[in-house]
Structures are given as C-alpha cells and as structure tokens.
Amino acid sequence: MSQKTLTESGQEGAVEAPAGASTKRWWILAVIALAQLMVVLDATIVNIALPSAQADLGFSDGNRQWIVTAYALAFASLLLLGGRIADLFGRKTAFLVGVVGFAAVSALGGAATNFEMLVTARALQGAFGALLAPAALSLLNTTFTDARERARAFSVYGAIAGAGGAVGLLLGGVLTDALDWRWTLYVNVVIAVVAFAGGWLLLHNHRDAANSKLDVPGTVLVAAGLFSLVYGFSNAETHDWNAPETWGFLIAGGVLLVAFAWWQTRAAHPLLPLRILLDRNRAASFLAVLISGGGMFGVFLFLTYYLQLNLGFSPTKTGVAFLPMVAALMVAAQIGTTMLVPRIGPKAVIPLGFAVAAVGMAWLTGIGVGSSYLSAVLPQLIVTGFGLGLVMPPAMQLATGGVAAEDAGVASATVNAMQQVGGSIGTALLSTLAASAATDYLAGKDPSNKLVQAQATIESYTAAFWWSAGLFAAGALITFLLFRRGVPELDADAAPVVHI
C-alpha cells in the first residue's frame, strides 16, 4: 500500500507504508485523541468541582484560583521544552511518560488531604501535560501524510482541542453531582490506562532530532518568559492592572521572550528554530489559535456563570447545554479541513470562521435576566461553535504542516502554547472588562436591590460577549491579511515519513 503526498509543484509522490498501516493510523488517531482529550479536559473539568473541593479541604476564596492557575502556569511555561524533548528523545517515549505521569499526579490530586497537596498535583499535571500535548500533536503530524487522511485526522484533533473545554464542564458536572469532586481527577487514571496501552502497542519511537542538543539558555528564557506572561495576566484577573504583580510580570515576560527570540538567532541548536515562525501561513495559523483561544473564554467562562447563577442550571445541566456547540464545532471541523481548505485555501475559510463566531457572540449579547435558553442561548451557541470549527482545526493543521520532521515536536508545542497563552490573556482581559461593566452599571444605583444586582451581572456578561465578538472580528481581519491566496502545498523535502 502506498500513501500520496503533495510536492511543492503539486505533483503526487508516494511514501511507502506497511500493509495494514491505514488501519493502524486510525487506531493511532484514537489513542492520540484520547490523550489530548485528557489534557484539554483538565483545563476546565476541575472548575465546576471547585466549590465542593473548597468545602471539603477548607481553603480560602483567595487560594481557590490557584487550583486553576497552577495548571496553566506549568503547562504554558514548559510546553516548548516538552516539544523539544519529544524531538530529541522520541515521541513515543515522551507520549508514554506524559500519560503515566499525568495519571499518577491526577491520582495524587484526587487523594489530596489539603490545599497544598492539591495545588502541587495540579502544577505537576501541567508539567506532564506540557510533555504529552506536543508529543501527541507531533505524532499526528508525522503519522498522517496523505493530504485527505491528514485533513480528516486534524478535523478530529482540532474539534477535541476546541470543544474539550465544554466537554470538561459537562464531565466535571456529571462526576461532581453523581460521585465526588475527587473523581474529576481520578477519571484521568481510567483514560490514561487505555491511552498508554494503545500507545505502547501502536506507536514507533522515532527520534528525528537525535543529533541535536537541548538549548538550555533558550529553555530557561522561554519558560521564564511564558511563566511571567501567564502569571501576570492571572494577577490582572485577581488584583488590578495597576498592581506591581500584574504589570511587573507582564513586562518581565515580554523582555524575556524578546531575549529568547534574539538568542534563537544565535544558538547552535535553537529550541524554537525561527524558520518555523517565518512561514507566512504558519504565522497566521499561530495567531488564529491565539485569538480563538482568547475569545472562547467569553463563551465558556461567562456563559457558565449565566446558566448556573441566572438560569439556575445544575453543573450537569450546564455541561449538557454546551453540547450543541460541540456538535456544531465538530461538523464545521470536518467541512473546513476536508472540503473547504483543500479546495479554496485558508485565506477564505479561517476569516469566514472568525466572522461567523463574531456574529454568534454579538447575537449572544441579547440575553436578559429572564431569558430562555432555547431562544437566547442555544442558536447563538450553535453559530459560534460552527464558526470556531472553521478556525481551530484548519489553523492547527496548517501550523504544523510542512515542518521538517525534527521540528515537529516544537512546532506542535508552539500551537499548544498559543492556545494556552490566548486563554490566559482572554480570561484576564474579559474578566476585567466584565467587572468594569458591572461597576459602571451600579454607579448611582442601589446595590442592595436584587434586581439591580441581577442586571449588573447581565451587563458584565454582555460586555464580555461584545469584546469576544470584537476579538473574533479582529481575527477575521488579521488572518485575511496574513494568509496567502490559494491552496497551501506541502513541501516534499519537509514531508515527514510515516512511522508505524
């Protein structure tokens, strides 16, 4: 059996794969998707369980945010290191170690007897997730080289990356309601057993960058820079933009990342070769992932508050309410990656997706204190989900497509870093803007009046939705300007070989 790839000239070239490889490839996709789901779930699955965990372990409201922030900080700051480790020491090794480590520290968190134990487990989850996520995406990139099969594979992966937050809310609600908050962590052990068995049996441990060395100065600079950036935005959400803990870390993060970029031009074995970033389509794809990651929090975070606090939904019912958005995202992911991008290119598809998502978010600003889910939320969620489905999966595919095999891990890590940093920026910015909108509404009114309080929360939600819509609209303009015209072609010299 042979597999086709596109050369620079558009001619088809054969990449030989063993008999039965096609079947194996789809089983590999299932294993990779399961592992990615585990990582993405943990960005939100614990959120719904936080009140129960807080009551059980007795930690303060001020400490509660660290259960979420600890994961985000470790994950974002170590992603590029995790991706390079996968390139240097083998993607199968990185994948399996990441799966086992993630499961072990999840079990530790589930068994936590105090706040310190739980927050340590969450930070370690982020660290192992930073090893697992880029290994999974780079395995997908090097396993599927046939254009059509690769498009289908990335539609599945991108849908999981985009919808995993909503699935996490659903699963977190179900587990918390039916069992206990600890099962939002224990569930990872069950998922990891299946992912590890599949990875052990199906994956091949190929080391494409075995002759390279780890860029230690670059690792330190980018890890410290990303940590400072995410930490600074987290402080903006809980403190104030004028607080030294906010602007000090944001400035430090910017300086460190500039120093990292400068060092990459001089390092003998750069952690992030700049050739990965200088491709125009790839740079546009990275920005698309960053912007979509930021804007999505306008849906997940504030709509979760609205459904539970204003409409009285239970955690489980809240999770179920997001499922139509997930379904729309998955349908659009298939259409975008397998039909539209291969025919008309990303310059039309991805900006269109952003525009549709912007319309959905703007439409969502019509919610009120007594609105109905069926008329004021459901159609808007479907439209937004469809738009994001045209953005995230194609952008992830283009961001990792055509890179040299030895750079697949770090390119995949950069995609994950963009999504994580975008989420951190979106959370901080939208939370601040929402709080300001509520404060402005309450000015000159009686804050003890329950109707006034309820309307103030609605004002805060709609402000966040408007800004999310604006962010998506900016994404449509930026990606339209940056993406090249036409259908992208895979460079034959950079096309990775199938490893089964």
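The values are calculated or read from the model by the stated rules, or taken from the named source; none is laboratory data. Keep in mind that what you see is a predicted model, and the values were worked out from it rather than measured. Here the Cβ is made from the backbone with ideal geometry for all residues, glycine too, and neighbour counts use every protein chain on show. Accessible surface is based on the protein model in full, side chains and every heavy atom, while ligands, DNA and RNA are left aside. Shrake-Rupley method; radii C 1.70, N 1.55, O 1.52, S 1.80 Å.
Things worth noting here:
- In terms of accessible area, using a 1.4 Å probe and ignoring ligands and nucleic acids, 391, 356, 258 rank largest first as 258, 356, 391.
- Both radii were evaluated on the Cα set of the range 229-357; the Rg over Rh quotient, with Rh as the Kirkwood radius, amounts to 1.07.
- Accessible area of residue 24 in the full protein assembly, 1.4 Å probe (Å², nearest 10): 80 Å²
- Highest-first packing order for the peptide set 182-193, 378-389 is 378-389, 182-193, based on the mean count of other beta carbon atoms within 10 Å.
- The mean sequence distance of close C-alpha pairs (under 8 Å, at least 6 residues apart), as a share of the length of the range 337-411, puts its relative contact order at 38 percent.
- Solvent exposure, largest accessible area first (probe 1.4 Å, DNA, RNA and ligands not counted), of 467, 26: 467, 26
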